[in-house]
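Worksheet: one structure, shown below.
The values are calculated or read from the model by the stated rules, or taken from the named source; none is laboratory data. This structure is a prediction, so every number in the text was calculated from the model and none was measured. Because the Cβ atoms are built from the backbone with ideal geometry, glycine has one as well, and the counts that use them run over all protein chains shown. Keep in mind that these areas ignore ligands, DNA and RNA; they rest on the heavy atoms of the full protein, side chains included. Shrake-Rupley method; radii C 1.70, N 1.55, O 1.52, S 1.80 Å.
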Amino acid sequence: MLLHKAIRRGFLCLCLFGAIIAPASAQDLYVGFFSSGNTTNISSGTNSYNNTIIGNLPGADSNQLNVLNSGTVLTNTASLFIGNAGSGNTLVITNQGLVIVDSTAAIGSDVTSSNNSVLVTGASSTLSIAGSVGVVGLTVGNSGSSNSLTISNGGSVVNFSAAIGYEADSSNNIVTVTETGSTWTNRFELYIGEAGNSNSLVISNGGSVVNPDAFIGFEPTSSNNSVLVTGSSSAWTNTGSLYVGNFGSSNSLVISNGSSVNSSFATIGSDSISSNNSVLVTGTNSAWTNTGNL
């Protein structure tokens, strides 16, 4: 699905201030191609590449790209990788910075890529991923584990479809949407544990997530995935259907402390093999509203 295998073949590159930029024919931006501990700041203007890769090869660890300030735009006509094969790499979008991706984005692309992170923070700071039908546009843990996306303090992420824990070997990945004005908008399906296990989504302190259909534990291999919606004004809006344990087992949804979840049609345990899935609604003013069948 993703482009990381092609990217690993490598290009003749130029190193500049911790970033590696391929020649004009390739137009890729690398922050840490095969090295660690590089930091690159993009703080003004429109900056255009085919792909941006932070932490390309195994051992390319702890690299960071910061996209800063109003009017600063990073555009990618293809894909964005935070931890293509490396670990502990970071993308920070803040102070109204904007990152645009035309195809796909992966936080933790390979089985070797763990503890990579993206932080989108501050009002009008935005990550936008166009995507397309039939392709999961944003993966938090494509094959890797313990990768994260945090949307805070009014930041926003917009994408076509998304999965937290895409492959069966992707576990313990997390997305956190926290504080009033922070939003994650999925134009198509959202998977919390597409095939992976022990992945999670946390919506807290007034954060908001919107999508059509959503699945907590989609495949038979996807178990122990969870969603926590907590705090007054925190909201998860499913304009379509919500499945807690589509084929997977021991998946859970908790709605607490005055938060809300909305869906049209909902199912807890969709198949004969999906067992021990649960929903807990607890605390004053906490609510799960279905406009159709449960």
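At 0.36 nm per residue, minus the direct Cα-Cα distance, what do Ser278 and Val111 gain on full extension? Give it in nm, one decimal, please.
Length gained between Ser278 and Val111: 57.2 nm.
What does the helix-only formula give at 222 nm for the chain: each DSSP H stretch with n ≥ 4 adding -39500 (n - 2.57), the total divided by the residues, and the result rounded to the nearest 500 deg cm²/dmol? Let's see the in-between values first.
Numbers: 1 runs with 4 residues, N = 294.
Using -39500 (n - 2.57) per qualifying helix, the result is 0 deg cm²/dmol.
How much length would be gained if the chain were fully extended between Ser48 and Ser124, taking 0.36 nm per residue of separation minus their Cα-Cα distance, in nm to one decimal? Can you show the working numbers first?
Numbers: separation 76, 0.36 × 76 = 27.36 nm, distance 1.99 nm.
Once the chain is fully extended between Ser48 and Ser124, it gains 25.4 nm.
Suppose the Debye formula is applied to equal point scatterers at every Cα of the stretch 197-294; what is log10 I(q)/I(0) at q = 0.10, 0.12, 0.15 Å⁻¹?
-0.22, -0.33, -0.51
Provide the FRET efficiency to the nearest 0.05 for the Asp271-Arg187 pair, computing r from the beta carbons and using R0 = 35 Å.
Numbers: r = 27 Å, r/R0 = 0.76.
So, using R0 = 35 Å, E works out to roughly 0.85.
Determine how large the accessible area of Phe34 is when every protein chain is in place; take a 1.4 Å probe and give Å² rounded to the nearest 10.
That residue has around 150 Å² of solvent-accessible surface.
For the chain, which semi-axes, largest first and in whole Å, follow from the square roots of 5 times the eigenvalues of its Cα gyration tensor?
On the way: eigenvalues 221, 82, 43 Å².
Values for the chain, descending: 33, 20, 15 Å.
Does the stretch 19-172 come out rounded, prolate or oblate, given a ≥ b ≥ c as the square roots of the eigenvalues of its C-alpha gyration tensor, rounded meaning a/c under 1.5 and, failing that, prolate meaning a/b above b/c?
rounded
Using only the Cα atoms of the stretch 97-241, build the gyration tensor, take square roots of its eigenvalues as a ≥ b ≥ c, and label the shape rounded, prolate or oblate: rounded if a/c is under 1.5, else prolate if a/b is larger than b/c, else oblate. Walk me through the intermediate numbers first.
Details: a/c = 1.41, a/b = 1.24, b/c = 1.13.
Cα axes put the stretch 97-241 in the rounded bin.
List every residue whose amide H lies under 5 Å from the amide H of Gly154, counting only residues 5 or more places away in sequence or on a different chain, with H placed 1.01 Å from N in the peptide plane.
Gly122, Ser182
Could you give the C-alpha radius of gyration of the stretch 183-238 expressed as a fraction of 2.2 N^0.38 Å, taking N as the number of residues it contains?
On the way: Rg = 11.4 Å, N = 56, 2.2 N^0.38 = 10.2 Å.
That works out to 1.12 for the stretch 183-238.
Using θ = phi - 60° and the Karplus curve 6.51 cos²θ - 1.76 cosθ + 1.60, what whole-Hz ³J(HN,Hα) does each residue of the stretch 66-71 get, with Gly and Pro shown as x?
In residue order, the calculated couplings are 10, 10, 10, 5, 4, x Hz.
I'd like to check one number: the per residue accessible area of the chain, probe 1.4 Å, reported in Å² as a whole number.
Per residue, the chain has an accessible area of 36 Å².
Suppose R0 equals 22 Å. What FRET efficiency, 1/(1 + (r/R0)^6) with r the Cβ-Cβ distance, do Thr239 and Asn293 give to the nearest 0.05? The partial results should precede the final answer.
Numbers: r = 16 Å, r/R0 = 0.71.
Efficiency for this residue pair is about 0.90.
Compute the distance in nm between two label points, each set 7 Å from the Cα along the Cα-to-Cβ direction, one at Ser264 and one at Phe34.
The answer from the label model is 5.2 nm.
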